[in-house]
1. Please enumerate the residues belonging to the stretch 158-171 that are over 23 Å from residue 206 (Cβ atoms), open to solvent by 30 Å² or more (accessible area, probe 1.4 Å) and in contact with a strand residue (DSSP E or B) (Cβ under 6 Å, 6 or more places away or on another chain).
2. Just one of the numbered conditions (1) closer than 30 Å to residue 22 by Cα; (2) open to solvent by less than 10 Å² (accessible area, probe 1.4 Å) is not true of residue 136; which one?
3. What tally of residues in the stretch 58-79 results from selecting those that are of a type in the set (A, V, I, L, M, F, W, C), open to solvent by 20 Å² or more (accessible area, probe 1.4 Å) and modelled with pLDDT of 95 or more?
4. Looking at the structure I just gave you, is residue 48 in contact (Cβ under 8 Å) with a residue 40 or more places away in the chain and either more than 22 Å from residue 72 (Cβ to Cβ) or open to solvent by 10 Å² or more (accessible area, probe 1.4 Å) (or both)?
5. Have a look at 35, 41 and point out the one that is part of a helix (DSSP H, G or I) and open to solvent by less than 30 Å² (accessible area, probe 1.4 Å).
6. Given the condition open to solvent by 60 Å² or more (accessible area, probe 1.4 Å), more than 19 Å from residue 147 (Cβ to Cβ) and in contact (Cβ under 8 Å) with a residue 12 or more places away in the chain, answer yes or no: does some residue in the stretch 201-210 qualify?
7. Output the number of residues of the stretch 1-27 satisfying the condition of being among the acidic types (Asp, Glu), surrounded by 15 or more Cβ atoms within 10 Å (Cβ to Cβ) and under 26 Å from the mean Cα position of the chain (by Cα).
8. Quick one: in the stretch 91-108, which of the residues that are touching a strand residue (DSSP E or B) at 6+ places or on another chain (Cβ under 8 Å) and of a type in the set (D, E, K, R) is farthest from residue 15 (Cα to Cα)?
Amino acid sequence: MRILIIEDEAKVVSFVKEGLEEHGFEVDFANEGLAGERKIAENVYDLVVLDIILPDINGFELCKRIKDVRPNLPVLMLTALGTTDDKLTGFDSGTDDYLVKPFEFKELVARIRALLKRSSGVAQPLSKLVVADLELDLKTKLAKRGNKTIELTAKEYALLEFLMKNVNTVVSRIEIAENVWDIGFDTGTNTIDVYINILRKKVDHGFDTKLIHTKIGMGYILVS
């Protein structure tokens, strides 16, 4: 795990950096807010430890900027400002946790680990699938190829989504039945073949490049 400390007090930086490295973290630091902001733009960090009183920009404003560009990057404010109003301002600016100096180092480590554990389960939801010139918007449930909008029924949409999520992979009728229909679907019928043919007409008709292909005896594949 890689942590960035943004702090202008050299003694604090040295103490925190050395302690975190002893706990197995990789630590980088910046002694000014704007320098820290540049590091965040240029590198990948798992967490930021942020002071509020900095020589060029206050930590509240910097936290807002960080969250604007990296909303899922955990920020822990580590500061001497300990009033309730300070803490509320910190949380309003987007910080994930707030620890007041002086502090117990084991508490800092515990809070960092809690934030990292929480953030590790956070993933950016996928909003769109794109294969070649075919797009599927997972929010609006709309499909489009080139400038052509493709009208889909609910089941056709589910089938196309499954094929696109498995792009360049042959999927069998059984896999389609389990993922698009319920697992008890009778694969002995030709329902899947019928839906594939309907989808192929909607997706490939009028285009020189065909995306949906049949692999005889194996299943179907959508190629990029």
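The values are calculated or read from the model by the stated rules, or taken from the named source; none is laboratory data. Keep in mind the model is a prediction, meaning the values are calculated, not measured. For neighbour counting, all protein chains shown are included, and Cβ atoms are generated from backbone atoms with ideal geometry for every residue, glycine included. Note: areas computed on protein heavy atoms with side chains; ligands, DNA, RNA excluded. Shrake-Rupley method; radii C 1.70, N 1.55, O 1.52, S 1.80 Å.
1. Matches in the stretch 158-171: 170 only.
2. Going through the list (1) closer than 30 Å to residue 22 by Cα; (2) open to solvent by less than 10 Å² (accessible area, probe 1.4 Å), residue 136 breaks only (1).
3. 1
4. The answer is no for residue 48.
5. That would be 35, the only listed residue that is part of a helix (DSSP H, G or I) and open to solvent by less than 30 Å² (accessible area, probe 1.4 Å).
6. No, that holds for no residue.
7. Number satisfying all stated conditions: 0.
8. It comes out as 96.
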